[in-house]
1. Mind counting the residues in region B:106-131 that are more than 9 Å from every other protein chain (Cβ to nearest Cβ), under 19 Å from B:L190 (Cβ atoms) and open to solvent by 20 Å² or more (accessible area, probe 1.4 Å)?
2. Determine which member of the set A:T99, A:T109, A:T83 is under 23 Å from A:S193 (Cβ atoms) and either surrounded by 23 or more Cβ atoms within 10 Å (Cβ to Cβ) or without any contact (Cβ under 8 Å) to a residue 12 or more places away in the chain (or both).
3. Has region B:291-306 got at least one residue that is at pLDDT 85 or above, farther than 17 Å from B:D264 by Cα, surrounded by fewer than 17 Cβ atoms within 10 Å (Cβ to Cβ) and more than 31 Å from the chain's Cα centre (by Cα)?
4. Would you mind stating whether A:G72 is surrounded by fewer than 18 Cβ atoms within 10 Å (Cβ to Cβ) and either among the small types (G, A, S) or farther than 25 Å from A:T187 by Cβ (or both)?
5. Where residues in region A:156-181 are without any contact (Cβ under 8 Å) to a residue 60 or more places away in the chain and in a helix (DSSP H, G or I), which of them is farthest from A:T90 (Cα to Cα)?
6. Filter region B:138-154 down to the residues that are more than 9 Å from chain A (Cβ to nearest Cβ) and on the phi > 0 side of the Ramachandran plot and list them by number.
7. Of (1) hydrophobic (A, V, I, L, M, F, W, C); (2) open to solvent by less than 10 Å² (accessible area, probe 1.4 Å); (3) in contact with a helix residue (DSSP H, G or I) (Cβ under 8 Å, 6 or more places away or on another chain), B:L89 satisfies all except one. Which?
Amino acid sequence: MWKRYAAVLPANPWNWIAVWRRNYMAWKKAAIASILGNLAEPVTSLFGLGFGLGAMVGRVDGIPYVAFLATGMVATSAMISATFETIHATFARMHAKRTWESALCTQLTLGDIVLGELAWAASKALLAGTAMMLVAATMGYASWPSVLFALPVIALTGFAFASLAMIVTALAPGYDYFIFYQTLFLTPMLFLSGAVFPVTELPDIFQKLSHLLPLAHSIELIRPAMLDRPGGSVALHISALCIFAVMPFFLSVGLLRRRLMS
Amino acid sequence: MQLLTRANVSSSPSRRPESNPFKQECHGHSNTDNSLSRSKSDVAIELTNVSKSYGDKVVVDQLSFTITSGECFGLLGPNGAGKSTVSRLVLGLAPPDEGTITVLGEPVPARARLARSRIGVVPQFDTLDPEFTVRQNLLVFGRYFGLRTRELEEAIPSLLEFARLESKADVPVAELSGGMKRRLTLACALINDPQLLILDEPTTGLDPHARHLIWERLRSLLALGKTILLTTHFMEEADRLCDRLCVIEHGRKIVEGRPHALIDEQIGCDVIEIYGGNPRELTSVVGPYAQRVEASGETLFCYSSDPEQVRLQLRGRTGLRLLQRPPNLEDVFLRLTGREMKD
């Protein structure tokens, strides 16, 4: 059993790049539309929510509400982008489009393919998060150069959420099942992680729960970096995100082996 | 590169491996020292008592066979006989429940990746990437084998030539005909300069022109010394290409041998096909003069070493159409697996 699992793990540290490049090649053809979409989304959500709610709310945690929301949305957009890439596009490549099937006939292992897909989803998350950050920067909510620290965190956030979504992809019989993941996992996380209002507003038990959520850790890193405010427990937050990136990866490879290679 | 295009050599048993037309691109592998490690490199695939079940259904049942380097080995069987599962087992894409599999000297599935780096696969259903052009498909697939873009750009023109797709290099795959797609799949399977090709029904669904072109390409690959495991239920294909073949049914081996030896051994006489008339009644008329008589639908297959006698018995009957012919692999296949549809 373990021997068989070991045989499908990534074969070397670079095999995944071929899978990433395949996805990049396909994406490149519609890159402009993708980038415009990535920019349009934050503009609408920040203007709509930020100014509308911002006028009523005023300041939160000692900063304007728009700044609070924008920094939360950077992490959220990375989460959403990585998740949707994995449960929709990756699922299609695994399932209907047979892209994985041809890759599995080569010297790539299943682990190489999964890793390449996760890296690709993380790249798209980085793109979406950076777009959100650029919009926030034009509004004056990105401090130079501390904002640069947010970039690797966005990529790590993307990787962690892609990795979590890969478990769902491995288990879902079809697209219809992804709705459970969105409504029961992602949406609650959005409200429990301090993306749209401070965690301190929550009842005590939910505040404790938020320590277990990857999005909360991501926001705790990105918000101080963007606004150049002191952030605490950096090592803890990064470690938490790393755990969410790594553990689900190994679990999903095992689940996908059972699904595709039995 | 002319080697590939001119190597339209007949599939006689005296094939000699010629020098390889594609540059040896795969890292760390060499298929040149055949003479040094003869015994090991002579066996391309070895299955020993392999079994595989899905739930209660036994798909492969105590199957053993050995494929020698440079030969074309056919795996024949009716739909659902377990042929595709055998391909998956050989590639390490499914673990066997029992038995051992060795492919190109590597234990499978434990070290299947290393075996796969020297294998080319033509799957039953095309897995080409519809988002890309012909050239891009080869590029993407080549990168899966760890090949560099520069190496691939050098190798792609000769592969396009081999697949007769030179003029289609920048055409999206979605615009190709079925035959072209199959040829591109074959070209993709050759991108890593494999020693072994696993072809799963490579010509199913193709028109005769496209099919003959694929067969000719496959023969030229055999002439280059490649080993082929060919899965098919197409008897003409097996007859034309295979040095040896094995018929399986319900995952079990029924018979194994050289095509013509099997025809002699299993049939060994002419076949008269009789159309029109009542098969049951005709059976009693020609039965005494035939080794065996089989009815399939409205056709009677009469195996007889004395066909003149059979014809004599039927003389004077109107509405009958007779076709006398030498036996072929299809007769062997149908004899072994039964003329009537089973499911």
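1. Of the residues in region B:106-131, 1 are more than 9 Å from every other protein chain (Cβ to nearest Cβ), under 19 Å from B:L190 (Cβ atoms) and open to solvent by 20 Å² or more (accessible area, probe 1.4 Å).
2. A:T83
3. no
4. Against the criterion (surrounded by fewer than 18 Cβ atoms within 10 Å (Cβ to Cβ) and either among the small types (G, A, S) or farther than 25 Å from A:T187 by Cβ (or both)), A:G72 does not qualify.
5. Selected residue: A:F180.
6. none
7. (3)
A quick yes/no check of all residues on (1) within 14 Å of the chain's Cα centre (by Cα); (2) closer than 24 Å to A:L256 by Cβ:
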residue	(1), (2)
A:L151	yes, no
A:Y177	no, yes
A:F180	no, yes
A:P188	no, no
A:F191	no, no
A:P198	no, no
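The values are calculated or read from the model by the stated rules, or taken from the named source; none is laboratory data. None of these values were measured; they are calculated from a predicted model. Here Cβ is always computed from backbone atoms with ideal geometry, including for glycine, and neighbour counts include all displayed protein chains. For accessibility, only protein heavy atoms count, side chains too; no ligands or nucleic acids. Shrake-Rupley method; radii C 1.70, N 1.55, O 1.52, S 1.80 Å.
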